[in-house]
Amino acid sequence: MRFLLDAEQRAFAGSLDAMLTAADTPSVVRAWSRGEQTRGRALWSRVAEAGVLALAVPEAHEGLGLRPVELAVAFVELGRHAVPGPLVETVAAAALLAGLPDPGPAKRLLPALAAGDAMATLAWRTPYALDGDVATTRLALTPEGLYLSPGHGPVRLSLDPARRLTPLEAGGELLSPDPPTAEALIWARLATAAQALGVGLALLDRTVGYVKQRTQFGVPVGSFQAVKHRLADAKVGLEFARPLLFGAALTMDAADVAAAKVTACEAAYATARTALQLHGAIGYTAEYDLSLWLTKARVLRTAWGSPQECRAAVLSGGDRRW
């Protein structure tokens, strides 16, 4: 089986790449990390205008229908450019709302999410949600059910400064006492895997460019055999993850998606370690743009399921609850 993108999907990826390159996303990420959200919100609107957020929303709720392959294509580009915001959480929230037995909450909340007029976050069986201070739709999944949270607590920084955590206030409107969560977890893991693959590709591209320019003993360090081997290993890992990602997007099977998630995230994390080693001390500095992808590779590795949890889901055929 061949997992090759068609011309329309490649054009979609190219248009997103061009748009995000022109947006100077590193400066947007740094502003977002400081709590300055104007440019980040503007970029969110442009991503929504491109149709990205509507790819996980059914047509009945003004979305583009469920298009997991196109969503994976989009999130690879979002990861390549380190776009900030609760992107995966909005996708998971859309899948969760669409699957509720009562169509009322979906009818009320999903059109605004698809259009980019609203931003969702989701506390998945934890008190903390990503960017709860920015999100307009705050969902909290608890043992008692799915709630629409009335507010949030103080912001707490994570390892990735662009991922700002906020506790959600308890209570609020009960949307469902027993929401079906399996489908939402599949969509969240697929988007996370695609984002991680994009992060890994960006790290590899930047490292290859760096070792071509940095010299030692009068020659580029990229000419050293040991450096070539490290970069080749990173490349192989990322390219191995790519067909798993798009194969999982075709099947949307829980085990396939878990396999894609653990493979893409481990490949991105290994690439981050290689990138850091080959950059040397400059790679540690927060002022250097490489750090924006290094920290993201680390946190995506455990987001929406640790490697151990995803491997367990693969071994159990995807039936293991998380």
Requested in this report: Tally the DSSP beta bridges in the chain and give the antiparallel ones as a percent, rounded to 5.
Outcome: 75 percent
Report task. For n ≥ 4 DSSP H runs only, could you compute -39500 (n - 2.57) per run for the chain, divide by its residues and tell me the 222 nm figure to the nearest 500? Result -> -18500 deg cm²/dmol
Requested in this report: Search the structure for amide H atoms under 5 Å from the amide H of L139, placed 1.01 Å from N in the peptide plane, and list their residues when 5 or more places away or on another chain.
Outcome: T121, L122, A123, S149
Report task. Given the peptides 275-282, 23-30, arrange them by the average over their residues of other C-beta atoms within 10 Å, most packed first. Result -> 23-30, 275-282
Report summary line: Given backbone amide H placed at 1.01 Å from N, residues whose amide H is under 5 Å from that of G132, ignoring those fewer than 5 places away on the same chain, are T166
Report summary line: Projected convex hull area of the chain, Cα atoms, direction-averaged, in nm², equals 16.4 nm²
Report task. Kindly count the pairs of lysines across the chain whose alpha carbons are less than 30 Å apart, treating pairs on different chains or eight or more residues apart as eligible. Result -> 8
Report task. With no solvent and one equal point scatterer per Cα, compute the Debye intensity ratio I(q)/I(0) for the stretch 180-311 at 0.16, 0.20 Å⁻¹ and report its log10, rounded to two decimals. Result -> -0.75, -1.02
Query raised in the report: Sorted by average packing, counted as other Cβ atoms within 10 angstrom per residue and highest first, what order do 63-75, 175-187 take?
Result: 63-75, 175-187
Report task. Let me know the whole percent of all Cα-Cα pairs from the stretch 7-176 that are separated by more than 29 Å. Result -> 17 percent
Report summary line: Whole-Å distance linking the alpha carbon centroid of the stretch 69-119 with that of the stretch 127-162 is 15 Å
Query raised in the report: If you count the DSSP beta bridges with both ends in the stretch 7-176, what percent of them are antiparallel, to the nearest 5?
Result: 70 percent
Requested in this report: Grab the other residues whose beta carbon is less than 11 angstrom from that of G145, score K and R as +1, D and E as -1, and report the net.
Outcome: -3
Report task. Could I have the simple spin-label model distance between A226 and D178, label points 7 Å from Cα toward Cβ, reported in nm to one decimal? Result -> 6.0 nm
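Any read-out appearing in this document is the output of simple, stated calculations on the displayed coordinates, not a laboratory observation. This one's a predicted model, so the numbers in the text were calculated from it and none came from an experiment. Using ideal geometry, Cβ is built from the backbone for each residue, glycine included, and neighbour counts are taken over all protein chains shown.
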